[in-house]
Structures are given as C-alpha cells and as structure tokens.
Amino acid sequence: MVAQTKVNIKNDKKNSIDSLIEKKMDQTGIVGIGAAIIIDKKLAWTKGYGFADRENKIPFLPTTIMNIASISKTFTGFCIMKAVEEGKVNLDEDINHYLPFKIINPNFPDEKITLRHLATHTSGLADRYPFYTDSTYFYNGQRPEPLGDFLKNYFVKGGKHYDKNNFLNSRPGTNRDYSNIGAGLAGYIIELRTGKKLDEYSKKYIFKPLKMKNSGWNLSEINLKKHSKAYQKEDGNIKSIPLYEGITYPDGGVRTSVDELSRFFITLLDDGKYNNTRLLKKELAKEMVRFQFTESNKPENVKPDKLNSGIFWATKMGGKRIGHNGSDAGVRTFMLSDLNKEIAVIVFFNTSLSEADENKFFEVYEDLYNYASELKIKK
C-alpha cells in the first residue's frame, strides 16, 4: 500500500521508485516505510509505504511519528552547540567541572574527558554489553531510574552498575568507540548547565522554531494515534513489539516524522538556519558538522577519509555520506546527505530485520538516493 502525498517535483518514473521499494518490502516483510528527499536544502519529495499499524490497516504516512533511535544524537549535538552559544558549556572543558559527581577512568585517572570527546565517541567511556541493552530500556512509561542517578551508578566506583568494563584502556581522544551512555552523559550535562530537561530545551530552540508540533523526547508528549507500531522479524515471522523508552534518552529518545525531521536536517545542512529562521549561530552550526579528525589529530583506530566525526554527526558509507543513522528494536532510520549537501535522504523503517537482511535497509536507502539524483537533474 502506498500512502500518497504531494510531490513537489514532477517525475515520469514515479512508479519505478515505488515498485523498487515495494518489492523489497515484499521480500523482507518490512511493514512500513516513510521517506523524504531534500534537494539543495529544500524538501523535494515525501512518501509513505505500507502500514504504521498492520493489524488495523493504518497507512504509514510522511507525518507518521516514530522513534528515530540514534539520529536523536544530532538533536543532543545541536543542544550542546546551543548551550555553547549561550555560554553555558565549553566543548573542551573537563566534564567534571559540570558534574555533581566525578567521573574518572581508572586506567587514566589524571586525563580529562570533554564534551568534544563524548560527542565524537572518543571519551574512553564504554557501553557494557549485554548490560546496556538488557537494563536501559523500559516499557511501562516510567523511567525506573533518573538519568543522573543511572550515570552516577554506572561511572562512579561503588555504584550498583559500576564495572571496570565501563571504561576503555585508552586515553581520551586516542580511540573511537561508539558510546550510547556517553551520549546520555552529554545530554545530562546540558540539562544541568541550562537548567532545562532536553525536551524543554529542544522545544524552545528546535521544535517550536521549526513548527515540529508532533515531535518530542517522551511518549507522553506524542499523539499516539499518529505513532507507528514497532515490528520485529523473528524466525521468518513479523511480530509487533511494545513501544519503549530509554533511561539514557539523549542517545536515542526523539520521536518525529520524516516530514518534520526534514526541517531539522535542512537546518543542519544550511549552517543553522531554516528558510529565514536562524536557530544557531553560523560558526557553531559549522563546527557541529566540521570533520574533527585529521591525519595529525585523530584516534588511532580511525582513517579520517573513511570515517570522520562532527559533534554527534558522522561520515557513513566509507566516507561518502554525512549525517546519522539509527537502530533499535523495531526501528531502523537513515538521515544522510552527500558531502556537498546537495542531495539528502531520510528514511524510516518500522521493522527490525535479521542481520542477514540488514543490507536491504541500505538497498532501499540507495534506491531513494538514486531517485533523488534523478530528481535533481530534472530540477
């Protein structure tokens, strides 16, 4: 089922992208997809495919709301840069200057950790598995442990979640190791320094200026009638799974639609402004997406031409795309642009697949990117 939306650019091959996507949905069992194409920093095309709710035959629309998983980190990154603009934080200050408890890597007790380290995943702080996936998601609408308490228990000796494996044996800045809990810590610091929870801060500086009326950090803020169900493929069968939230919500808690996310992505691609509205000072918006790693200043395990990082912003696909992706139970998301910021694609999937089928997500993204390239030529 294709949910029709207004298409801003005429395209003679309108049905070719539909058939490509629908074929992959049939092959894999993906229940619903939402997609948006941005050309030259303008929304050019949006569409929904399949169902937001298969059981009740509710179509997936460009306005369907979904958890966007780790793309949320770009909102945390924006909030960091806004707090820099307000003089509340400095990217290179020791995080212990901001915290009510001390975080010390026992392997390097004298080395400072900074927000820049956290935002480029070079802090030396680690997600301990399976603890992270087993213990930080909840399904009952109540966070069993406040974010600050969780972080103290995880990183401070004597805490109930403390473990030497919560830290890497590498100095800050010398090793890139993707850390969700590090992103949770960065968001917590912004909350402490601004005196506002991320949902309030984002509402003021992102959601309201961009008229993202159906976006938020918590299920309680969202119109659940517009929210997609989440699905998971197990043993060849597609089953619905309950909606959930995370204790470390700055790492993946935002819920939005491809329609509304496109406005935020355009803001990041256009140096902090959307149409005539400036959300962030130009130099700070540029710093957020600037490649932080160079041959002379990089983690030991990174080749900057293949993998680079901004402030919760990264290169993907061997260094050929910029933006962020997301993955959680029942969720797969892409928000990626070419390096010149001319062609950008957002795509949401409301279904988790097995590792064997993981490439199908990338194939759909590439189909959309190729379609976007055709639209740009016609434009």
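The values are calculated or read from the model by the stated rules, or taken from the named source; none is laboratory data. Not measured: the values here are computed from a predicted model. Cβ coordinates were reconstructed from backbone atoms using ideal geometry, including for glycine residues, and neighbour counts include every protein chain displayed. In case anyone asks, the SASA skips ligands and DNA or RNA and just uses the protein heavy atoms, side chains included. Shrake-Rupley method; radii C 1.70, N 1.55, O 1.52, S 1.80 Å.
Within the range 155-188, the set of residues being under 23 Å from the mean Cα position of the chain (by Cα), within 22 Å of Leu198 (Cβ to Cβ) and not in a loop (DSSP other than H, G, I, E, B) comprises Asn180, Ile181, Gly182, Ala183, Gly184, Leu185, Ala186, Gly187, Tyr188. The number of residues in the range 21-59 being open to solvent by 30 Å² or more (accessible area, probe 1.4 Å) and outside any strand (DSSP E or B) comes to 10. Here the condition is being surrounded by fewer than 20 Cβ atoms within 10 Å (Cβ to Cβ) and at pLDDT 95 or above; of Leu168, Leu151, it holds for Leu168 alone.
Scanning the range 258-302 for residues that are charged (D, E, K, R), closer than 18 Å to Lys42 by Cβ and assigned to a loop (DSSP other than H, G, I, E, B) yields Asp270, Asp271.
Table: residues versus (1) within 20 Å of Asp259 (Cβ to Cβ); (2) in contact with a Lys or Arg (Cβ under 7 Å, 6 or more places away or on another chain).
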residue: Asn325; (1), (2): yes, yes
residue: Ala329; (1), (2): no, no
residue: Asp338; (1), (2): no, yes
residue: Ile343; (1), (2): yes, yes
residue: Phe348; (1), (2): yes, no
residue: Glu355; (1), (2): no, no
residue: Glu363; (1), (2): no, yes
residue: Leu375; (1), (2): yes, no
residue: Lys378; (1), (2): no, no
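Scanning the range 189-207 for residues that are part of a helix (DSSP H, G or I) and either free of Cβ contacts under 8 Å to residues at least 40 places away in the same chain or over 21 Å from Glu260 (Cβ atoms) (or both) yields a total of 11.
Considering only the range 24-56, how many residues are within 17 Å of His227 (Cα to Cα) and either touching a residue at least 12 places away in the same chain (Cβ under 8 Å) or touching an Asp or Glu at 6+ places or on another chain (Cβ under 6 Å) (or both)?
Matching residues across the range 24-56 total 15.
Considering the conditions (1) in a helix (DSSP H, G or I); (2) out of contact with any helix residue (DSSP H, G or I) (no Cβ under 7 Å at 6 or more places or on another chain), Ala83 is excluded by exactly one of them, (2). Looking only at residues in the range 201-260 that are under 27 Å from Leu353 (Cβ atoms) and of a type in the set (Asp, Glu), the one that is surrounded by the fewest Cβ atoms within 10 Å (Cβ to Cβ) is Asp235. Tell me, please, whether a residue that is out of contact with any helix residue (DSSP H, G or I) (no Cβ under 9 Å at 6 or more places or on another chain), more than 21 Å from Tyr129 (Cα to Cα) and assigned to a helix (DSSP H, G or I) can be found in the range 230-241. No, because not a single residue in the range 230-241 is out of contact with any helix residue (DSSP H, G or I) (no Cβ under 9 Å at 6 or more places or on another chain), more than 21 Å from Tyr129 (Cα to Cα) and assigned to a helix (DSSP H, G or I). Taking the conditions (1) open to solvent by 50 Å² or more (accessible area, probe 1.4 Å); (2) in contact with a Pro (Cβ under 6 Å, 6 or more places away or on another chain); (3) free of Cβ contacts under 8 Å to residues at least 60 places away in the same chain in turn, Pro130 satisfies each one other than (2). Would you please name the residue that is modelled with the lowest pLDDT, looking only at residues in the range 1-19 that are part of a helix (DSSP H, G or I) and surrounded by fewer than 17 Cβ atoms within 10 Å (Cβ to Cβ)? Step by step, filter the range 1-19, then rank; the result is Lys14.
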